[in-house]
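Single-structure report; data block below.
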Amino acid sequence: MNTRIAGNDEGNLTRSFGGLRVLDFSTTIAGPHCTRMLADMGAEVIKIETTEGETMRTRPPVRNNCSTAFGQLNVGKNSLVLDLKSPEGVEAVRRLLPTADVLVENFRPGVMRRLKLDYASIQGINPKLIYCSISGYGQTGPSAELPAYAPVIHAASGYEMAHLAYQPGRSRPDYCGIYHADVLTGVYAFGAISAALYQRSGSGKGQHIDVSMLESMLSLTLNELQWSQFEVKPAQRPMFGPIETTDGYVMVAIASEKTFKNLMQVIGRPEWVADPRFAKYSDRRENWAGLMEGVEAWSRAISTQACLVALNEYGVPSSAYRTVSEALADPQIAHRGGLAEVEDGGGTFKVLNLPFRMSGATVAAGKRMSTLGEHTLSYLKEIGLSKDEIAGFAVSKTARA
């Protein structure tokens, strides 16, 4: 599978973050997504869990007690089991800290402080540490300690109501099944960590990164953020939506004058290019419903495939509405090596590689999932625990479980 840019020198098999060590205290989606990206770039990510493992380990699909949803987010990481409620567990972390480059946590603000593992408490142990905190509303402020999950942040950010404004005739917000806030925030955290590492290369100093899910989601409402500050007409821009075919739906994006003119050729309405209702972009916006009715009158008479062939011939941006399974089967995904096969205790499954390729580095998912606690013994040895201490550590941990 080729996960590099075509024509790469085979000698360029380095990893951009090779040699970096990351302590990963994060759970569920946002933090693990961030640290999975770091792992794909070559970092040694040490995922710290309780004896029960984090909750995502039970998310379906589950085969032989192994979750592929958990695997998608955590492949390529090492697993260290510690009881952070115990002095021994906290001490183990403090011994690992001098060896780490990055720490990522997404507990509710205040949790790491109570464990005496917050940035202020450990900065002196490792001044070069990049410490990234991910939370719903940020580490400080009136909302900082409120519980937050992605659907709550979607509502709080205005995103859902902004989306609703593009659904004519509807007044009730949509149900939430896809957690945009988690994925987006994880990506912002990854970017901030990368920037901090670059800054450290010059300054030699670490820093604390405070990533807010609320502000991450607000970044999706670029136009709406501006419209909220000024009085504007309700019809801001064309509302792109599906056009019906005999066997499905197609999305058409009319985003330029050339696209509009070409589309009019496709649907057999070349005279509409000069029609006062549609000739100018501003008029087209005001008469968008009528324009799309004309487009749909054409599309309803043909199949989705025939519709796409005609649109593509004239360079009109379009796509069928596909399921995720259909999208993953796209030859373009295979061409780019978009999927990687991963092995765990339940067999094999596929995960997404990162959506970018680099000419001088390998960017790819790990090949197998670590079992819960697989690397605990090796890390306890590394931090200097004797055989007797490790045995006692294991006994006391089991007794508390």
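Can you tell me the relative contact order of region 275-393? Whole percent, Cα pairs under 8 Å, sequence separation 6 or more. Here the relative contact order equals 12 percent. Of all the options 370, 386, 216, the one that moves most in a Gaussian network model of the chain with Cα springs shorter than 10 angstrom is 386. Between 108, 94, 322, the residue with the greatest mean-square fluctuation in the GNM of the chain (Cα pairs under 10 Å linked by springs) is 322. Could you pull out every residue, at least 5 positions away or on a different chain, whose amide H is within less than 5 Å of the one on residue 130? Hs are placed 1.01 Å off N in the peptide plane, and Pro or chain starts have none. Long-range HN contacts for residue 130: 102, 103, 207.
To the nearest 10, the accessible area of residue 91 is 80 Å² with a 1.4 Å probe. Accessible area per residue (1.4 Å probe, heavy atoms of protein chains only) ranks 273, 295 as 273, 295, with the largest value leading.
Express the carbon and sulfur contribution to the solvent-accessible surface of the chain as a percent, rounded to the nearest whole number, probe 1.4 angstrom. The value for the chain is 56 percent carbon and sulfur by accessible area. In units of the rule-of-thumb radius 2.2 N^0.38 Å, region 251-401 shows an alpha carbon radius of gyration of 1.91. With all protein chains in place and ligands, DNA and RNA left out, the 1.4 Å accessible area ranks 210, 388, 330 as 388, 210, 330, largest first. Other residues lying with their Cβ under 11 Å from the Cβ of residue 26 contribute a combined charge of -2, Lys and Arg counting +1, Asp and Glu -1. With contacts taken as Cα pairs under 8 Å at a separation of at least 6 residues, the chain carries a relative contact order of 23 percent.
Counting only alpha carbon atoms, the long axis of helix 257-266 and the longest principal axis of the chain meet at about 60°. Per residue, the accessible area of region 65-162 comes to 42 Å², computed with a 1.4 Å probe over protein heavy atoms only. Residues whose amide H falls under 5 Å from that of residue 77, counting only those 5 or more places apart or on a different chain, are 370, with hydrogens built in the peptide plane. Rounded to the nearest 10 degrees, the inclination of helix 288-299 to the longest alpha-carbon principal axis of the chain is 90 degrees. Measure out, as a whole number of angstrom, how far apart the alpha-carbon centroids of region 187-221 and region 22-64 sit. Region 187-221 and region 22-64 have Cα centres separated by 19 Å. A straight chain from residue 285 to residue 121 at 0.36 nm per residue would run longer than the Cα-Cα distance by 53.4 nm.
Measuring only protein heavy atoms, the 1.4 Å probe finds residue 230 accessible over about 130 Å². Taking all protein chains into account, the per residue accessible area for region 199-310 stands at 58 Å² (1.4 Å probe).
Applying the Karplus relation 6.51 cos²θ - 1.76 cosθ + 1.60 with θ = phi - 60° to region 20-27 yields 3J(HN,Hα) values of 7, 10, 10, 8, 10, 9, 7, 9 Hz, where x marks Gly and Pro.
Checking the Cα-Cα distances for 77/367; 47/350; 85/387; 47/367; 77/350 against a 18 Å cut-off, the pairs over it are 47/350; 85/387.
At an R0 of 25 angstrom, the distance between the Cβ atoms of residue 382 and residue 343 translates into a FRET efficiency of 0.45.
Taking square-rooted eigenvalues a ≥ b ≥ c of the alpha carbon gyration tensor, is region 58-165 rounded, prolate or oblate, where a/c under 1.5 means rounded and, failing that, a/b exceeding b/c means prolate? Judged from the Cα gyration tensor, region 58-165 comes out oblate (a/c at least 1.5, b/c at or above a/b). Only lysines eight or more places from residue 233 in sequence, or on another chain, were considered; those with a Cα closer than 19 Å are 280.
The values are calculated or read from the model by the stated rules, or taken from the named source; none is laboratory data. Just so you know, these numbers come straight off a predicted model, no measurement behind them. Quick reminder, even Gly has a Cβ in these numbers, built from the backbone with ideal geometry, and neighbours come from all protein chains shown. Surface accessibility is based on the protein's heavy atoms, side chains included, excluding ligands, DNA and RNA. Shrake-Rupley method; radii C 1.70, N 1.55, O 1.52, S 1.80 Å.
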